[in-house]
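Values in this text are rule-based calculations from the coordinates and carry no lab data. Note that the structure is a prediction, hence the values are computed from the model and not measured. Reconstructed Cβ throughout: ideal geometry from the backbone, glycine too, with neighbour counts over all protein chains shown.
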Amino acid sequence: MRVLAIGECMAELAPTENVGDFRLGFAGDTFNTAWYLARCAPQVVVSYLTCVGDDAISDQMRAFMRDAGISDRFVQTVPDKTVGLYLISLDQGERSFSYWRGQSAARSLADDPGLLATAMDDADLIYFSGITLAILPSNKRAVLLAALSNARRAGKSIAFDPNLRPKLWGGADEMKQEIMRGAAVSDLVLPSFEDEADWFDDASPQATANRYLDAGAVTVVVKNGADAVVYAEGPDMGEVPVTPLADLVDTTAAGDSFNAGLFAGHAAGCPLEKGIGQACAISRKVVAQRGALVPLNPAECLT
């Protein structure tokens, strides 16, 4: 199985156990999923599509990707640009972010329709997020969505995490409209209920699932924190319980690692319920440690 993840990888400053100290790393929602997928399913060929700058930290980022087993063949260099930066703040395990991304080269990731087509043709599953859409100018967002739609018609599987981040959008109406456009070109949608309830006024995870099914998705998996994961495959709907976690440390990448576990299960031919269980197990390990990317070996990814 070949997976292409599309989005923005950023430089990350994550707090250590020493107050006031931070560790430099590289992360970003779709990149986190690619990283965990490469770690948990070494048999899967994982590629990343983005743009970086021509400076030293961009070179370090590309080397980090390759060292993680992620192909950077679809990473383009944009002269005189760099990568975005974010800083994580923690309060009892819940995280908030401060961003510096004005010069981020990733905003150019949809500038080359030919590269998009080539990269998607090389994949079996293509994954993007609401953040992928949000960082793009509106005309380039349309280019990406058209490429994804073409890939879906060509038989590729498209996976989408809405990952609602209102600060990245011009307003709530724009965000909701563009998120639903992203869902309309996707086979699998992976929303988080808390955010969906806040911005789409969904009364339940089942309502979230039905809204995305109505938009054109085939399968919807609704993450819901410590509560049961709700899934829908066409008319069939079910739940997978989540085991409570007593030692929550950092929820950064909880959903990203969940998505990776689900993709790993799909690559292994697991039924959806079993894949969700595996995804939950991986996410539990991730939120018990600090930072977006934490050490895991393939054996730990199995349920």
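Identify which of the listed values of Rg and Dmax of the Cα atoms in Å was calculated from the structure shown: (1) 17.7, 51; (2) 18.1, 61; (3) 19.8, 67. Answer label, from the structure shown: (1). Between segment 11-29 and segment 110-180, the alpha-carbon centres lie 28 Å apart. The packing ranking, built from the mean of other Cβ atoms within 10 Å per residue, places the peptides 196-203, 277-284, 228-235 in the order 277-284, 228-235, 196-203, highest first.
Is there a pair in K156/K285; K223/K274; K167/K223; K140/K167; K167/K274; K223/K285 whose C-alpha atoms are over 23 Å apart, and which pairs would that be?
Beyond 23 Å: K156/K285; K167/K274.
Over the chain, DSSP H runs of length four or greater, each weighted -39,500 (n - 2.57), average out per residue to a 222 nm ellipticity of -12000 deg cm²/dmol. Structure remark: mean-square fluctuation, Gaussian network model of the chain, C-alpha springs under 10 Å; the largest value among P191, P244, P205 belongs to P244. Using the Stokes-Einstein relation with a Kirkwood hydrodynamic radius computed over Cα pairs, the translational diffusion coefficient of segment 115-162 at 4 °C and a viscosity of 1.567 mPa s comes to 119 µm²/s. Dipole size of the chain about its Cα centre, with +1 on Lys/Arg Cβ and -1 on Asp/Glu Cβ: approximately 620 debye, rounded to the nearest 20.
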